[in-house]
Amino acid sequence: MRIRTVALLLTLFGMLIVFNFAHAQNAPEASEKGKEVYENSCAHCHGTEGRGDGSAAENLLPKPRDFTRGLYKIRSTGTGELPTDQDLFDIITEGMPGSSMPPWDTALSANDRWEVVAYIKTFYDGFKEAETSPKQINLSGKVAYSEQSVETGKALYTELGCVECHGNIGRGDGTSAPDLTDEWGFQSWPANLTQGWNFRGGSDTEDIFKRFIGGLAGSAMPAFEGDSFPGFGLTAEESSRMIELDNKDEMTEAEEEESAQLYEKYDAAVDIALNLAEGTELSAEEQQIYDDAMRVVYEKSWHLANYVKSLMPEKRPEPAIGNNVLRSQYIQDELPPMDDAAWGTLEARYFPLVGQIVIEPRQFNPTIDAVNVKSFYNDTEVAFLFTWDDRTHTTDETDEETGKTLEDALAVQFPVKVPQGPTAPKPYFLWGGRLPVYLWHWKASAPEQVTELTAKGINNAEAQAAQGELHVQSTYTNGQYTLWVKRALKTEDKKDLQLEPGVFVPIAFSAWDGANGDVDTKRVMTSWYTFVLEPVPSSKRFIYPPLIALLSVGFLFGLRAFVQRRNSEEI
Amino acid sequence: MKSYLLASLAILFACCCVGTAFAADSGSGEKEMLVFPEAYKAMNVSNGGTISGVVKFEGDVPEKKALEITKDEKVCGADEKFDESLIVGEGNALKNTIVYLIDISAGKDFDKKAKIEIDQMGCKFTPHIQIVPVGARLTMLNSDKIMHNVHIFSKINKPVNKAQPKARRKMPLQAVKKAEGPVEVKCDVHGWMSAWISYVPHPYFAVTNEKGEFTLEDVPAGDYKLGYWHEACGTNSEAPVAVTVAAGGTVTQDFTLKLK
Ligand SMILES: [Cu+2]
């Protein structure tokens, strides 16, 4: 019985391997067809000669790939290797999240996509000159996700210096983040590791592992392949001992000796790795040392990939529409301040932000993904908690081109008067028009203050005469802003929005990342969403609608029972 | 859903409506490169000659540009750092000029014992200009006990982008196969760090010292073209200087360079 199971498993495994082989394809010879498809679909951004300098390239960041250098970020292959044909095909098919590269799975037939792969390869001679096919990263030693593995990965995250760019908890806010450029000298922001949906090459653990081992060619993200690991050639215990010794202020003679020996072993293994990379044949013994070293490195890399995976939610949150509408939760007591644990009991609503591209100056390269919102209210007040990720804390920087002051900011937008019913017109989503909007404008340079504005257009906003009705708290930690705003449900000011439980109120957001050049109309924003002070069944004022609902349901049940009885009687 | 629509619109918009200024840019940033012989044969050189000289700077010496240290201040900011693209010493001596033979096809072999290293110390690369023989390993040292990231912007050889974590005191890099240079080395962690590497096929390359001096020794007797490269002053590849070296003789050739 057991043998049969094993045999069956082996067969299945075999099939899997065969399937995988069948899956990886090679591109056909470059043809006129590929050129035609390329020029129709790709050249606008990537340029007719593949230099990444098409007519649309100027405003895009990340820049469209320059194909003439053979540098590809998303590969299944090791560092310094070209991508496989399948890699190129997959990128064209799936697109690159977080960049302007869309998926072409519906716009181009699979055949056309293969033709394009063949054509793209003609831009770089290295493809023709390559004598062997590119070496793929071995994924077979995958370490399953576990708390233990995540812990190990977390230690490596600091040890390897990931924090420098990706920040303490992965929000892309490391101290080196603002200064990174790519191979072509353009700004290159490190990934926010908590937002897997923006990863260019996907966010499966395998994807993360491949990016880590192979690097993102052309970007600032280095490859951590084999011999760049500290302690290459040492066991996990030995390398942590080596680092422990390194971190000592003073070593005893015995420790000096121990450290020197570890380094010697380490250097010898690196030497072997370089010999191999340079094409020297290894002895059996050297090969063994190399294989053992690589096993340790790969295992560590899986731990790291598991850790990075642990930083992000399983999938991108659903936007705050339909069932996810922002509902302010009623409480009887005083509303909780910003750092109160009560906020942890609410689930945030997710409002994706996109670049403002209707009015000059536009923002084509947003850096803020979304704003997350929670809300409580009581009989007299409402409080909101807004959080959004921003890699840099910018309060006072000068834009080199325009001389304008750049700083981080958020604006929350409501209509001045709530539209009566779902079909009634709302103000124009870009800060109003004929119908005015009521705004809360917060700026990082005055973090304890929110200005109330009335606007009749994006360039037609005015601070209200009566200010100071808002209570504000805010912080910036680990690449994330938190802003807390509290206001009375009803105010004396006619230009303010007045709030009432059970009424659906349009809400929209704008955000500015000063370090990304956001200022005035150059910003990220949402169109209108909805929020409501969720009525409370226990409160008498709101007992009727649920009661009516309950009664209707009761009536329907009754009706059903009646019909059923009648039917059964007929039979 | 609306917001995704807006995103798609953004992309569409970006793809349709914008100017072409960017296209004109590409290519103009190209650095001037060294010129290498098609082939080079190593042999014993006896009774070779010497070419030496001094490189001077001509023109107003711009004020030294202090570098802005934005992180790891304790290690990186211990002393003031200046931009090293132009270092003019006493008597207008120009440091860090590469002076080399453009067209030599046979001569001495590389000094196999020479250490080919660049140290990262105080968040600065030392030396600023490094000559690396083709086929030899360049070793990156890390004396700082903080993380650096060695990023070599090669175009002919494969670019290098390797993190050197704080525990990694010595990081040898894979030898390259093709002559190329100078290519810039940068550190992504400390954006101000910059140095230049030249992968060269023969040993007749010298880098001027603080006094602007250079010496090329053991040059087989013959006629040569003498070239130079300087980060801020460019090259003379278009019109190199002709020198004639006699067996056992010494040729003096000075240069006076201006900003590009
Ligand atoms: Cu550095």
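Summing -39500 (n - 2.57) over the DSSP H runs of n ≥ 4 in chain A and dividing by its residue number, what mean residue ellipticity at 222 nm do you reach, to the nearest 500 deg cm²/dmol?
Taking each H run of at least 4 residues, the total per residue is -10000 deg cm²/dmol.
Determine how large the accessible area of A:TRP431 is when every protein chain is in place; take a 1.4 Å probe and give Å² rounded to the nearest 10.
Answer for A:TRP431: close to 10 Å² accessible.
On the full set of protein chains, 1.4 Å probe, figure out the accessible area of A:LYS309 and give it in Å² to the nearest 10.
A:LYS309 exposes around 50 Å² with every protein chain in place.
Between B:ASP223 and A:ALA342, what is the label-point separation in nm under the 7 Å Cα-to-beta-carbon projection?
Taking the two extended label points, one gets 9.3 nm.
Got a sec? Charge dipole of chain B, +1 on Cβ for Lys and Arg, -1 for Asp and Glu; which of B:PRO220, B:GLY249, B:PHE82 is way out at the positive end?
B:PHE82
If you take the accessible area of A alone, add that of B alone, and subtract the area of the pair, what total do you get in Å², probe 1.4 Å, to the nearest 100? Walk me through the intermediate numbers first.
Details: alone 30990 and 15030 Å², together 41270 Å².
That pair of chains buries around 4700 Å² in total.
How much of the accessible area of the stretch A:322-536, in percent, comes from carbon and sulfur atoms when a 1.4 Å probe is used? Before the final figure, lay out the partial values.
Values: 4360 of 9220 Å².
Answer for the stretch A:322-536: carbon and sulfur cover 47 percent of the accessible area.
Given the C-alpha centroids of the stretch A:511-536 and the stretch B:151-178, what is the distance between them in whole angstrom?
One Cα centre to the other: 43 Å.
What does the charge count around A:PRO447 come to, taking other residues whose C-beta lies under 14 Å from its C-beta (Lys +1, Arg +1, Asp -1, Glu -1)?
Value of the local net charge: -4.
Could you state the number of Å between the C-alpha centres of the stretch B:54-110 and the stretch B:201-256?
18 Å
Could you work out the local net charge near A:LEU82, counting Lys and Arg as +1, Asp and Glu as -1, over the other residues with Cβ closer than 14 Å to its Cβ? Before the final figure, lay out each step's value.
Numbers: positive: A:ARG65, A:ARG69, A:LYS73, A:ARG75, A:LYS121, A:LYS128, A:LYS135, B:LYS158; negative: A:GLU81, A:ASP85, A:ASP87, A:ASP125, A:GLU129, A:GLU131.
Within the 14 Å Cβ shell, the charges total +2.
Which percent of Cα pairs goes in each bin when the distances of the stretch A:322-536 are cut into 10 angstrom slices starting at zero?
Taking all Cα pairs of the stretch A:322-536, the binned fractions are 8, 35, 39, 15, 2, 0 percent.
Helix B:2-17 versus the longest principal axis of chain B: what angle, 0 to 90°, nearest 10, using Cα atoms?
Tilt of helix B:2-17: around 40 degrees.
Before I look further, what does chain A give for accessible area per residue, probe 1.4 Å, in whole square angstrom?
50 Å²
Using a 1.4 Å probe and ignoring any ligands, DNA or RNA, find the accessible area of A:GLU448 and quote it in Å² to the nearest 10.
Probe radius 1.4 Å; accessible area of A:GLU448 about 110 Å².
Using only Cα atoms, what Kirkwood radius does the protein assembly as shown have, in angstroms?
Answer for the protein assembly as shown: a Kirkwood hydrodynamic radius of 31.0 Å.
Enter the angle in degrees (range 0 to 90, nearest 10) between the Cα long axis of helix A:147-159 and the first principal axis of the Cα atoms of chain A, meaning the one along which they spread out most.
For A:147-159 against chain A, the angle is about 80 degrees.
Stokes-Einstein at 20 °C, 1.002 mPa s, Kirkwood radius from Cα pairs: D for chain B in µm² s⁻¹?
104 µm²/s
In degrees, nearest 10, range 0 to 90: what is the angle between the Cα axis of helix A:32-41 and the longest Cα principal axis of chain A?
With rounding to tens, the tilt is 30 degrees.
When the accessible area of the stretch B:111-201 is computed with all protein chains present and a 1.4 Å probe, what percentage of it is carbon and sulfur?
56 percent
The values are calculated or read from the model by the stated rules, or taken from the named source; none is laboratory data. The structure presented is a predicted model; accordingly, all values stated were derived computationally and were not measured. Please note: Cβ atoms are built from the backbone with ideal geometry, for glycine as well, and neighbour counts cover all protein chains shown. With ligands, DNA and RNA removed, areas are computed over all heavy atoms of the protein, side chains included. Shrake-Rupley method; radii C 1.70, N 1.55, O 1.52, S 1.80 Å.
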